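> My questions will all concern the structure given below.
The values are calculated or read from the model by the stated rules, or taken from the named source; none is laboratory data. Predicted model, so just to flag it, every value in this text is computed and none were measured. Reconstructed Cβ throughout: ideal geometry from the backbone, glycine too, with neighbour counts over all protein chains shown.
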Amino acid sequence: MMAEICFGAAFLCLVYYLAVILYAGITADFAWIWLVGGAALLGLGFVIRYERHHPGWIPVWVRGVFLSVLVLGFLLFFFLCGKVLYGMTWTGEKNLDYVVVLGAQVKGDVPSRALKKRLDKAAEYAEENPETVLILSGGQGSGEDITEASCMETYLLEKGISKERLLLEEASTDTRENLVFSDELSGCSHARTGILSNNFHVYRAVALAEKLGYKNAVGIAAPSDPLMQVHYVVREVFALVKEKMAGNL
């Protein structure tokens, strides 16, 4: 039975991988994890099936070590998933001093789907809290004709947000730099500050902010694409492990 479960899960991984690349393109970040996961599950299924017909082929101690590592890995994975999912529920607080709107990919000079969702949430918050200043944080990356901050400013101006309420941070290239450079620009780490991003990213962004010394950081979760939600959550779990290993959390 376990072998069949592994084969079924491997098939689902492959189907989801195809869905991700059809929706987001062959260069979708971290999409390869579904191929790796599918291959691992397929291999595990064959090993279980072989062991079923050749009892004792795998030494007992090897099975014990493997199962222990597997269980611990799953426990860690689901613990971190819980953290990410918890962050997805955060709605911020009213009348914050600043909201740091984290940048995302710009295609030429047009915001990506993910960035539009962040900006629509930022515009909604700004309209409901007219005294809050928005810090638009993001530099210029590959395939981007302008900085992410500049793109965000144009979008929000078209939404009717006053230019006087927008601060542009145009040098950062990742989430940690977003937070460091935004603080250097405004001193927002010592104020009541919201960190706004797509829902799956909010927990890590706030954890990074707190590690960097933000005194009153709260998360504001914008939506993300439903089809990509599972992929984003899984990717975020690995990102949390990476940040921890790098000493950023």
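> When you scan the range 136-145, do you find a residue that is more than 20 Å from residue 223 (Cα to Cα), without any contact (Cβ under 8 Å) to a residue 12 or more places away in the chain and either in contact with a Lys or Arg (Cβ under 9 Å, 6 or more places away or on another chain) or polar (S, T, N, Q) (or both), even just one? So that I can check it myself, show each step before the final result.
Residues of the range 136-145 more than 20 Å from residue 223 (Cα to Cα): 139-145.
From what's left, without any contact (Cβ under 8 Å) to a residue 12 or more places away in the chain: 142.
From what is left, the residues that are either in contact with a Lys or Arg (Cβ under 9 Å, 6 or more places away or on another chain) or polar (S, T, N, Q) (or both) are 142.
Yes, that holds for at least one residue.
> Restricting to the range 205-242, count the residues that are surrounded by 16 or more Cβ atoms within 10 Å (Cβ to Cβ) and either among the aliphatic types (A, V, I, L, M) or not assigned by TED's automatic domain parsing to the domain that holds residue 103 (or both).
Residues in the range 205-242 being surrounded by 16 or more Cβ atoms within 10 Å (Cβ to Cβ) and either among the aliphatic types (A, V, I, L, M) or not assigned by TED's automatic domain parsing to the domain that holds residue 103 (or both): 16 in total.
> I want to confirm something. Restricting to the range 153-170 and keeping residues that are assigned to a loop (DSSP other than H, G, I, E, B) and not acidic (Asp, Glu), which single residue is surrounded by the most Cβ atoms within 10 Å (Cβ to Cβ)? If you could, list the steps in order and put the result at the bottom.
Of all residues in the range 153-170, those assigned to a loop (DSSP other than H, G, I, E, B) come to 159-162, 170.
Now narrow it down to the ones that are not acidic (Asp, Glu): 159-162.
Working: 159: 14, 160: 9, 161: 19, 162: 11.
It comes out as 161.
> List pairs: first residue in the range 1-22 and buried (at least 17 other Cβ atoms within 10 Å of the Cβ), second residue outside any helix (DSSP H, G or I) anywhere in the structure, Cβ distance under 6 angstrom, at least six positions apart or on different chains.
Close Cβ pairs satisfying both conditions: 20/28; 20/31.
> Hey, another quick one. Under 17 Å from residue 232 (Cβ atoms) and touching an Asp or Glu at 6+ places or on another chain (Cβ under 8 Å): does that describe residue 17? Show your work before the answer.
Values: under 17 Å from residue 232 (Cβ atoms): yes; touching an Asp or Glu at 6+ places or on another chain (Cβ under 8 Å): no.
Answer is no for this residue.
> As an exercise: evaluate residue 108 against (1) on the phi > 0 side of the Ramachandran plot; (2) outside the structural domain of residue 167 (by TED's automatic domain parsing) and give the number of the one condition it does not meet.
Going through the list (1) on the phi > 0 side of the Ramachandran plot; (2) outside the structural domain of residue 167 (by TED's automatic domain parsing), residue 108 breaks only (2).
> Here's something else I'd like to know. Can you confirm whether the range 195-202 contains a residue that is part of a helix (DSSP H, G or I), without any contact (Cβ under 8 Å) to a residue 60 or more places away in the chain and either not assigned by TED's automatic domain parsing to the domain that holds residue 104 or not aliphatic (A, V, I, L, M) (or both)?
Our first condition is that a residue be part of a helix (DSSP H, G or I); within the range 195-202, this holds for 199-202.
Okay, now just the ones that are also without any contact (Cβ under 8 Å) to a residue 60 or more places away in the chain, so none.
Looking through the range 195-202, none of the residues is part of a helix (DSSP H, G or I), without any contact (Cβ under 8 Å) to a residue 60 or more places away in the chain and either not assigned by TED's automatic domain parsing to the domain that holds residue 104 or not aliphatic (A, V, I, L, M) (or both).
> Test residue 80 against the criterion of being assigned by TED's automatic domain parsing to the domain that holds residue 221, touching a residue at least 60 places away in the same chain (Cβ under 8 Å) and surrounded by 12 or more Cβ atoms within 10 Å (Cβ to Cβ), and give yes or no.
On the way: assigned by TED's automatic domain parsing to the domain that holds residue 221: no; touching a residue at least 60 places away in the same chain (Cβ under 8 Å): yes; surrounded by 12 or more Cβ atoms within 10 Å (Cβ to Cβ): yes.
Criteria not met by residue 80.
Listed here are the residues, each with its yes/no results for (1) in contact with a Ser or Thr (Cβ under 8 Å, 6 or more places away or on another chain); (2) farther than 17 Å from residue 205 by Cβ.
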residue	(1), (2)
111	no, yes
115	no, no
125	yes, no
150	no, yes
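> Oh, and also: Output the number of the condition that residue 30 fails; it satisfies all remaining conditions of (1) under 22 Å from the mean Cα position of the chain (by Cα); (2) assigned to a helix (DSSP H, G or I); (3) touching a residue at least 12 places away in the same chain (Cβ under 8 Å).
So residue 30 meets the others, but not (2).
> Could you identify the single residue in 117, 107 that is outside any loop (DSSP other than H, G, I, E, B), out of contact with any Leu (no Cβ under 6 Å at 6 or more places or on another chain), of a type in the set (Lys, Arg) and crowded, with 18+ Cβ neighbours inside 10 Å? Step through it out loud before you land on a result.
Numbers: 107 fails: crowded, with 18+ Cβ neighbours inside 10 Å.
Just a single option satisfies the conditions, and that option is 117.
> Hey, any hits in the range 212-227 for a residue that's closer than 21 Å to residue 118 by Cα, assigned to a helix (DSSP H, G or I), in contact (Cβ under 8 Å) with a residue 12 or more places away in the chain and not basic (Lys, Arg)?
Yes.
> Being in a helix (DSSP H, G or I) and without any contact (Cβ under 8 Å) to a residue 60 or more places away in the chain narrows it down to one of 73, 56, so name that one. So that I can check it myself, show each step before the final result.
On the way: 56 fails: in a helix (DSSP H, G or I).
So the residue among 73, 56 that is in a helix (DSSP H, G or I) and without any contact (Cβ under 8 Å) to a residue 60 or more places away in the chain is 73.
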